[in-house]
Each structure stands twice: as C-alpha cells, then as structure tokens.
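This report concerns only the one structure given below.
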Amino acid sequence: MTRARRVLLIAASLAATAGGVAACGSEGISPKLDPEQHQAAVLFDQRCSGCHTLSVAGTQGSATNVRTREYKDGPNFDQRKVTTNCALYAIRNGGFSSGPMPQNIVTGADAELLAKFLDQVSGSDVHIAPGATTPPDCPPAG
Ligand code: HEC
C-alpha cells in the first residue's frame, strides 16, 4: 500500500470515530454519568439550564458572549466549583445574593440530589494548582 493511501485510510477511520462520538449521548447528557447522576442531570436540564451552563448535562445557560448576556444568566458550573453545602445554600436562598435566581426551584430529595451532583461534576474546567487554597465552604444547610 502506498504511504498516501494509508494516510487516507487513517483519516477516514478517524472521521468515522468522531461521528460516532457526536451522535451518542441522549439530549446532550454525558453518557459517562452513573444512573443517579443522570437523574440529577435531567433535573438540572429541566430546572436550572435556562441560567446555568454545565457541559455534562448538555446545558448552555450562562452568558458566553457579553453582547447577548442577560441579567438572569448565572455562573457557568464548568468554570466554577461548587460544594454540596454551597449548592444547597444557593438552591434554598436563590443564589448568594438577592439576584435573579428563584428560591427553592427544587426542594427536599431533589435539592439534595442536585447539590451532590454539582459537588461531583462542577469545576471541570478549573485547575487548582497543587498547594493553592480552595475557597471556604459554605455553612451546612440546616
Ligand atoms: C432564573 C435564572 C436561574 C435559575 C433558573 C437558576 N439559577 Fe442558579 N443562579 C442564578 C444567578 C443569576 C446566580 C448568581 C447570582 C447569585 O448568586 O445570586 C446563581 C447562582 C447559583 C449558585 C451559586 C454559584 C456561585 O458559586 O456563585 C448555585 C450553586 C446555583 N445558582 C445553582 C442553581 C441550581 C442547582 C439551579 C436549578 C435548581 C439554579 N441555580 C437555577 C440564576 C439562576
């Protein structure tokens, strides 16, 4: 086989693999999530995706462009790490400020499930340098 032909074959098989990856993952939810995380991602899609970005849940609600930014746009959870306590606090109080996030969009077991999920999956784009201090945790929600 000529060298050029081998390169072509490799290119073709790479293209096929990439196509397969793009096609799977129902509704943009990452296929890597376990069943409990998948359930939380569905909830996130239904209740939080309008304002928050979280790539494992396939949502793009945060502002990506300053010109199309809206007042209600919330933090991007790929770029911000949130702990379970902080997520529960934000869910119960409507964020950390008296901003546009509604209070108690989810409650009880749903809130706990989402908070735990955010603790596990948020901050995927954040690389904390070894030895760097992480922000303090929020008080446990009572
Ligand atoms: C109407 C838009 C809107 C919806 C819907 C919404 N949020 Fe928010 N959220 C915001 C805004 C804006 C902020 C930032 C301002 C603030 O903290 O008050 C925020 C802040 C947060 C924070 C704090 C993040 C940080 O570190 O500052 C968390 C956690 C959070 N939201 C989780 C959720 C979850 C979970 C849901 C779904 C149950 C949700 N939000 C639904 C708009 C929204």
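Nothing in this text is a laboratory measurement; each read-out follows from the coordinates by a stated rule. Here the structure is a predicted model, which means the values were calculated and not measured. Quick reminder, even Gly has a Cβ in these numbers, built from the backbone with ideal geometry, and neighbours come from all protein chains shown.
The P(r) of the stretch 27-121 has a tail past 22 Å containing 20 percent of all C-alpha pairs. Once backbone amide H atoms are built at 1.01 Å from N, Gln60 has Leu54 as its partners under 5 Å, excluding neighbours fewer than 5 places away on the same chain. For Val82, the residues whose amide H sits under 5 Å from its own are Ser122, Gly123, ignoring neighbours fewer than 5 places away on the same chain, with H placed 1.01 Å from N. Packing, taken as the mean count of other beta carbons within 10 Å per residue, orders the peptides 63-71, 96-104 from highest to lowest as 96-104, 63-71. The distance between label points at Arg92 and Ser55 comes to 3.2 nm (points 7 Å beyond Cα on the Cα→Cβ vector). Karplus-based coupling profile of the stretch 96-112, in residue order and whole Hz: 9, 10, 8, x, x, 6, x, 7, 6, 5, 10, 9, x, 4, 5, 5, 4, with θ = phi - 60° in 6.51 cos²θ - 1.76 cosθ + 1.60 and x standing for Gly or Pro.
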